[in-house]
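Data block below; observations after.
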Amino acid sequence: MHFILFPRKSPAALRVFPKLTAFYRFLPQPSTPIFTFFPQLIHNPFFGLFPLLNPDVILAPSRPTLPRFHPPRYPPRVRTSDFNYELPDELIAQHPALSRDQSRLLVLERGTTQIQHRKFPDLLNYLRPGDLLVLNNSKVIPARLRAVNARTSGQFELLLLQENALNDWWAMMRPGKRARIDTMIQLLDRNGHTTEISATVLEPNDEGHRRLRFSGTPNILDELSQLGEIPLPPYIKRSTEIAEDRERYQTVYAATAGSVAAPTAGLHFTAPLLQKISALGVRICYVTLHVGLGTFAPVKTERLDAHVMHEERYEIPQHTASEINKAKREGRRIVAVGTTSVRVLESAGRRRDLVSSGSASTNIFIYPPFHFRWVDALLTNFHLPRSTLLMLVSAFASPGETRGQQFILRAYHEAVRERYRFFSYGDAMLIL
């Protein structure tokens with residue numbers, strides 16, 4: 001069944017409603033199908049009231065041979081290319097600030113989209129008594145190793161990615177083509193000397209990573225401090241690590257070893273600053289998410305829903321779970337430090353009204369539009385174009401909508417104008 005909507009243009013009707021004729025163009029086209037009539041009723045601001053205001057407007061059946069009404073198209077979902085921006089190379093921080101807490105702080109207020117420029121210690125002015133500050137205490141391991149082929153002496157570079165079991169790891173190997181199944185390699189120490197520790201390639205996966213079984217040590221984790229280097233991201237140009245990297249590419253509260261990249265939002269905190277935050281009446285608690293490939297792997301698909309995140313392990317202590325649930329129950333703000341803390345909270349409490357303690361894995365991919373259930377404010381760094389981290393902060397800038405990407409990129413463009421320092425060793429951003 002179809003409807004056609006038309007007015008009786010009687011003199012009496014025009015005297016009573018002389019201006020309503022200006023809105024005729026907002027009405028459905030002739031022969032509106034009934035299944036699109038009511039959607040249009042919702043989307044048309046004038047149409048919903050028009051028949052009620054004008055008794056001379058009537059509905060009458062018509063033949064279905066007239067042109068059909070096409071309902072309005074909704075905006076397309078966000079794409080990977082929507083998260084691109086231009087960044088001068090000189091704004092990529094190659095070294096940390098002289099002091100951890102002397103980095104800059106860009107503050108973005110979501111309600112007004114206003115931007116303020118501050119120093120990191122000014123974070124104290126934006127926290128309030130009763131807030132719960134949640135930090136990720138994962139510790140970066142020296143996961144970058146060097147090795148040689150035990151038979152040919154060909155050189156390899158390794159980046160440990162994920163521990164499967166004792167002395168059983170997934171790793172990126174370069175050159176990967178030479179790392180065939182059953183290849184045995186000997187690890188080198190930091191001076192380039194061969195050690196007694198070896199590894200055998202067990203299998204590759206679809207992404208070209210190799211599964212390695214280590215021997216010659218009870219636990220390869222215990223040897224990394226003597227063998228490995230801090231796995232700095234490739235945009236920090238180093239031929240080898242320098243002394244400051246071992247200290248500064250690590251948070252002051254790092255406790256549980258396992259990450260292959262730092263939870264960089266926490267790099268700005270010092271012990272005295274944390275004491276001042278606590279003195280304000282802000283509660284501080286910790287979760288653990290070991291940063292792996294899921295966090296820093298690039299998005300290679302144009303459609304975001306086609307990108308698959310790698311799983312990363314996390315743990316929530318009982319004390320932390322109790323603090324989170326109590327804060328939410330009492331209506332107090334939960335302030336997440338870093339995207340990794342956000343992913344832990346939104347994963348653990350996604351399908352229930354409580355955050356439970358314990359260990360689990362997550363491959364949650366947060367991008368616009370996303371409804372946040374637990375996090376009320378976010379402290380983060382500036383992130384790479386087209387990265388999952390940039391997509392997460394864009395979702396947080398406007399929960400449940402897609403326009404957060406515009407807010408964030410506008411803030412990033414201003415940060416470029418103001419010469420902020422970007423990425424791991426760069427400045428910070430607070431989203432309220």
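Values in this text are rule-based calculations from the coordinates and carry no lab data. Here the structure is a predicted model, which is why all the values come from computation and not from measurement. Don't worry about glycine lacking a Cβ; one is built from the backbone with ideal geometry, like all the others, and counts go over all protein chains shown.
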query: Quick one: Karplus J couplings for segment 101-115, per residue in order, coefficients 6.51, -1.76, 1.60, θ = phi - 60°, nearest Hz, x for Gly and Pro?
result: 8, 9, 6, 8, 9, 8, 10, 10, 8, 5, x, 10, 6, 6, 10
query: Could the peptides 323-333, 337-347, 258-268, 353-363 be put in order, highest first, of the mean number of other beta-carbon atoms found within 10 Å of their residues?
result: 337-347, 258-268, 323-333, 353-363
- line: With R₀ set to 35 angstrom, the calculated FRET efficiency between the beta-carbons of residue 256 and residue 205, to the nearest 0.05, is 0.85
message: What's the magnitude of the charge dipole for segment 340-432 around its Cα centre, counting Lys and Arg as +1 and Asp and Glu as -1 at the beta-carbon? Answer in Debye, nearest 20.
response: 180
Proximal aspartates and glutamates to residue 177, defined as alpha-carbon separation beneath 19 angstrom and excluding residues fewer than eight positions away on the same chain: 157, 203, 206, 207
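Could you compute the FRET efficiency for residue 237 and residue 354, with r as their C-beta to C-beta distance and R0 at 45 Å, rounded to 0.05?
0.50
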message: Place a point 7 Å from the Cα of residue 178 along the Cα-to-Cβ direction; which residues of segment 154-171 have their backbone N under 14 Å from it?
response: 154-158
FRET efficiency for residue 116 and residue 279, using Cβ-Cβ distance with R0 set to 30 Å, rounded to 0.05: 0.80
task: Loop only per DSSP, at most 15 neighbouring Cβ atoms within 10 Å: give me the trypsin sites (Lys or Arg not before Pro) in segment 254-322, ordered by residue number.
output: 300
query: How do the peptides 132-138, 179-185 rank, highest first, by the average count of neighbouring beta carbon atoms within 10 Å per residue?
result: 132-138, 179-185
field: Those GluC sites (Glu not before Pro) in segment 192-289 that DSSP places in a loop and that have at most 15 other beta carbons within 10 Å
entry: 207
For segment 160-210, size of Cβ-based charge dipole, Lys and Arg +1, Asp and Glu -1, in debye: 320
Additional length obtainable on full extension of the chain from residue 196 to residue 102, 0.36 nm per residue less Cα span: 29.5 nm
query: Cα-based Rg (one decimal) and Dmax (whole number) for segment 144-227, in Å?
result: 11.4, 33
- prompt: Where both residues lie in segment 243-383, what percent of DSSP beta bridges are antiparallel, nearest 5?
  reply: 70
message: Students often get this wrong, so check it: of 237/276; 119/237; 139/328; 276/326; 276/300; 139/276, which have C-alpha atoms separated by over 32 Å?
response: 237/276; 276/300
query: Just how large is the dipole of segment 199-281 about the Cα centre, in debye to the nearest 20, putting +1 at every Lys and Arg Cβ and -1 at every Asp and Glu Cβ?
result: 200
